[in-house]
Structures are given as C-alpha cells and as structure tokens.
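The values are calculated or read from the model by the stated rules, or taken from the named source; none is laboratory data. All values derive from a computational prediction rather than experimental measurement. Every residue, glycine among them, receives a Cβ derived from its backbone with ideal geometry; neighbour counts consider all protein chains shown. Note: areas computed on protein heavy atoms with side chains; ligands, DNA, RNA excluded. Shrake-Rupley method; radii C 1.70, N 1.55, O 1.52, S 1.80 Å.
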Amino acid sequence: MTVGTMRLAFSTLGVPGLPVPDVIRLAATHGYHGVELRAHPEEPVHPGIDLAGRADVAAEFKAGGIEVLGLAGYARVAAPGDDGPVIDEIRALLDLARDLGAPYVRVFPGGGHEQSTERADATAARRLGTAAEYAADLGVRILLETHDSHRRAADAIRVLGLVGHRHVGALWDVMHTWLGGEQPSESYAALSPYLGYVQVKDIASAEDTTPLALGAGVLPLTETVEVLSRHGWDGWLCWEYEKRWYEEAAPLPELLAAGREHLGRLLNECA
C-alpha cells in the first residue's frame, strides 16, 4: 500500500516462525507492500539457509508481489571483543540480503556498560566502516538501529558521523528514541541524512512495553508521520510488533488490517 509517497511493511518479529508463503499472504491480504524478515535461526529465513533455499524465498516474494524490505539481524557493532566475528556476522547478513534482493540489513549497537561511550562509538564505527566496503560491492545498506546503548538519534549519529559512508545508515525505531527522551522532530533532524527506514509500534507506557495495536498506546506516531510528511520523506514505515518477546500480546494477523488503516489515516491527514 502506498499512501502519499511512504510505503508500509511489517516485521516477522510479530509472527514468530511463520512460513514464508503465509507471511506473503498476510502482507498481500492486508495491503502491505513489504516485509522485514527477522534473520534469526528460529525463523525460516536466516544466513544459514543454502542458495537453493534463498532462491526459493526470493521467487516466492516476487510471485506474491511483496518486497523484502530488509533483514533484521542481531550483530552488535559496539560490543566489546574482537572485530572479526562481528564483521563476519554482518557479511553473512549482507550476502543473504543480496540473494533475496533486500536493500537493507539491520544491526544493533550493543555497546556494553563496561566500556566508555567513546570506546563503544569508535568500535562501532570501525566495524561498520570495514563492513561498508563489502556492503557497497553488494549494493546493500547497513542500518544501525536506534536501540540499547545508542537508543537516541543523538547517540546513533555520533557513530554514523565517524563512519561517513553512504552504505551505512540509520534505522529509526520510534519507541527507543521516545524512551530516550527525544521528540520526533529532534530524532528526524539528526537522522535524516542517514535514514534508511522507520520502525513504528505502540506501547502502553515507558514501564510497560508490551506491544499494542497502532494508535492504542502512547508513542508519538502522529508526530512522527507528521515530521516525515512535512519533509517530503518517501521511504518505508515498518510495523515492528514484538510478539516474539511478549507471548501474551494479541496475535498480529488480526491487527494488521486496522494497523494499515491507522497508518493510512495518519499519512492522509498529514499529506
């Protein structure tokens, strides 16, 4: 679905373990244009699948008319330790993205408390800079998510500014920037030169992050869409519903239609 110039997707984090044909059917049925695939061994699609499996997945998405927006990986680029395993993990994600025709891979900061902010930033920038050359060869962008040790846009851009490579950008998770105390206008201003796409979601409060239907919680979705629209941003909004981590949350499939309508309404109001 395209409303204005933004396109809508959802993450398979909301439908843990669901087979690819069912994911594609959900997206097509409920008017989503793309899907973010959680690239974890628990899921049908991850870096461990062989070339034939990758070709099958790519063909299924193409036949269904749904795009693979990105791969949500779990590499932690600021984590203490050796660079090698982290870079290998990113490269494996990039290979999978190329084979599936996905433009983006997501990585986490993951800086631990046992190191200084400067050290974490430098570690993340060094690894991302190394991986960026490989990403450029494959035509895929690595996106650092606003998350954990770097949850605010102000944190993420410290790293991205050090990297300075167009194949490394930002994934804006609106929950984390909000939890970090940033207004959407501040987050967008910081991230706009780097922005790959935006993850939207909703929660009851800062203390209760159980996923809710879009519009049913406290996150500033209206303000986020408003600032994106005002600046003519034409990328993706991806609904990351964290069902995998909250078993008691309502099943995502029954919320998808209303979620698309809610985002469509916000986009139309802000257009």
Qualifying GluC sites (Glu not before Pro) for segment 176-271 [loop in DSSP, other Cβ within 10 Å: at most 15]: E207, E247, E248
Estimated D of segment 132-271 in µm² per second, where Rh is the Kirkwood radius over Cα pairs and Stokes-Einstein applies at 10 °C, 1.306 mPa s: 101 µm²/s
Over segment 1-80 - Rg/Rh using Cα atoms and the Kirkwood inverse-distance radius: 1.00
Sparse-neighbour loop sites [GluC sites (Glu not before Pro); segment 1-67; at most 11 other C-beta within 10 Å; DSSP]: E42
Treating the Cα atoms of the chain as identical point scatterers in vacuum, please give the log10 of the normalised Debye intensity I(q)/I(0) at q = 0.10 Å⁻¹, two decimals. -0.46
Which percent of the accessible area of segment 127-239 is formed by carbon and sulfur heavy atoms (probe 1.4 angstrom)? 46 percent
Go ahead and estimate [θ] at 222 nm for the chain from helices alone: -39,500 (n - 2.57) per DSSP H run with n ≥ 4, summed, over the residue count, rounded to 500. -13500 deg cm²/dmol
Averaged per residue, what accessible surface does the chain expose to a 1.4 Å probe, in Å²? 40 Å²
Given all pairs of different Cα atoms, what value in angstroms does the Kirkwood hydrodynamic radius of segment 96-137 take? 11.9 Å
Kirkwood estimate for segment 59-140, i.e. one over the average of 1/r between Cα atoms, Å: 13.5 Å
Using a simple spin-label model with points 7 Å from Cα along the Cα→Cβ vector, what separation in nm is obtained for H231 and A271? 2.2 nm
About its Cα centre, how strong a charge dipole does the chain have in debye, to the nearest 20, once Lys and Arg get +1 and Asp and Glu get -1 at the Cβ? 600 debye
In units of 2.2 N^0.38 Å, what is the alpha-carbon radius of gyration of segment 105-178? 1.03
Restricting to Cα atoms and excluding each atom paired with itself, what does the Kirkwood estimate give for segment 177-219 in Å? 11.5 Å
